[in-house]
Amino acid sequence: METKITIRFFGSLVDLVGKQYVQLDAGINQTIKDCVERLGVPHTEVYFITLQKSFVRFDKIVKNGDMYFVYPECNLDIPKEYILTPKYEGVPKFILDIHLGKLARLLRMLGISAEYGVVDDNEIVSKALSENLIILTRDRGILKRNEVTYGYILRSDDPKTQLREVTLRYSLQNWFAPFTRCMECNGKLISVPKRDVQEHVPEKVRETFDEFAKCERCGKIYWGGTHYENMSVFIEKFLKDIPRKKF
Ligand SMILES: [Zn+2]
């Protein structure tokens, strides 16, 4: 017996599927979650689903002729029991897969917590769960794991475009604090008196700068300079392009 269903995707989910409407022969005893994930949309990207104007849960078994509407996170008022992936609460903190090193550095530069360097997918997932982190990845498989709650698939493979995507998705502009985090290890920077660090920086730097910061995790020392100025210009340009959003 056939189980032909139609799924209509909305908003940013269309990017993942490549089209709005998909017809699918689901097979016997399949849940809507299986069907949606089979089409390349991890459950972490789905906020709610409707069938004939009623909300359904992920374990709904699909039937021949069904037509489902699948939505990404939005500001609609959805009954709690039908919210399939809860919104992330508080300051967004991320863990990035090993292919996203450039994005990790950009996020850190803006003061956003971005853990990076874990190679193994299992470890990424367990760290995300124990520290309540959002997984950023281009690998849809990792976000299809049942135990993962928070995750986002980067649509672009260009780091600056990815930064824009993540900023818009999680309203990061509300949390930006440039130059407060270590680019190398994600540790927080604390300002330190010049006398404490002057022996550890080049002479030229010692002569030119008076303000220093140190990473509380790895001890790297930071000061102003050309690199700092270039980054400031980048940040200013980037922020101009991001609409200011209120809660
Ligand atoms: Zn560091």
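A simple count of charges around residue 47, restricted to other residues whose Cβ falls under 13 Å of its Cβ and scoring Lys, Arg +1 and Asp, Glu -1, yields +1. About the centre of its Cα atoms, the chain shows a dipole size close to 580 debye [charges on the beta carbon of Lys, Arg (+1) and Asp, Glu (-1) only; nearest 20 debye]. Of the beta bridges DSSP finds with both residues in the stretch 4-82, what % are antiparallel, to the nearest 5? Roughly 75 percent of the beta bridges in the stretch 4-82 run antiparallel, per DSSP.
Across the alpha-carbon set of the stretch 94-182, the Rg to Rh ratio works out to 0.94, Rh being the Kirkwood radius. The candidates 4, 237, 93, arranged from most to least accessible area with a 1.4 Å probe in the full protein assembly, appear as 237, 4, 93. Largest first, the residues 161, 6 sort by 1.4 Å accessible area into 161, 6.
Here the accessible area is traced with a 1.4 Å probe on the protein chains. For the chain, carbon and sulfur cover 49 percent of it. Expressed to the nearest 5 percent, the antiparallel share of DSSP beta bridges inside the chain is 60 percent. Placing a pseudo-label 7 Å from each Cα along the Cα-to-Cβ vector at residue 198 and residue 6 gives an inter-label distance of 7.6 nm. Spin-label model, residue 119/residue 158: points 7 Å from Cα along the beta carbon direction are separated by 3.1 nm.
Remark on the stretch 37-156: hydrodynamic radius 15.6 angstrom, per the Kirkwood mean of 1/r across alpha carbon pairs.
My understanding is that a pair violates if its Cα-Cα distance is over 26 Å; which of 87/144; 102/127; 160/194; 127/220 do that in this structure? Where the Cα-Cα span goes over 26 Å, the pairs concerned are 160/194. Would you be so kind as to identify which of 152, 224, 23 lies farthest towards the positive end of the dipole of the chain, taking Lys and Arg as +1 and Asp and Glu as -1 on Cβ and the Cα centre as origin? Going by the Cα projections, it comes out as 23. Residues 67, 231 ordered from highest to lowest accessible area at a 1.4 Å probe: 67, 231.
Surface analysis of the stretch 4-82 yields an accessible area of 53 Å² per residue, using protein heavy atoms and a 1.4 Å probe. The stretch between residue 38 and residue 14, if pulled fully straight at 0.36 nm per residue, gains 7.2 nm over its current Cα-Cα span.
Spacing of the modelled spin labels on residue 190 and residue 28, each 7 Å from Cα toward Cβ, amounts to 6.4 nm.
The base-10 log of I(q)/I(0) for the chain, evaluated at q = 0.12 Å⁻¹, reads -0.76 [Debye formula, identical scatterers on Cα atoms, solvent excluded]. Ligands, DNA and RNA aside, residue 129 has an accessible area near 90 Å² when probed at 1.4 Å.
The values are calculated or read from the model by the stated rules, or taken from the named source; none is laboratory data. As the structure is a computational prediction, the values presented were derived from the model and not from experiment. Because the Cβ atoms are built from the backbone with ideal geometry, glycine has one as well, and the counts that use them run over all protein chains shown. We work out accessible area using only protein heavy atoms, side chains counted, and drop any ligands, DNA or RNA first. Shrake-Rupley method; radii C 1.70, N 1.55, O 1.52, S 1.80 Å.
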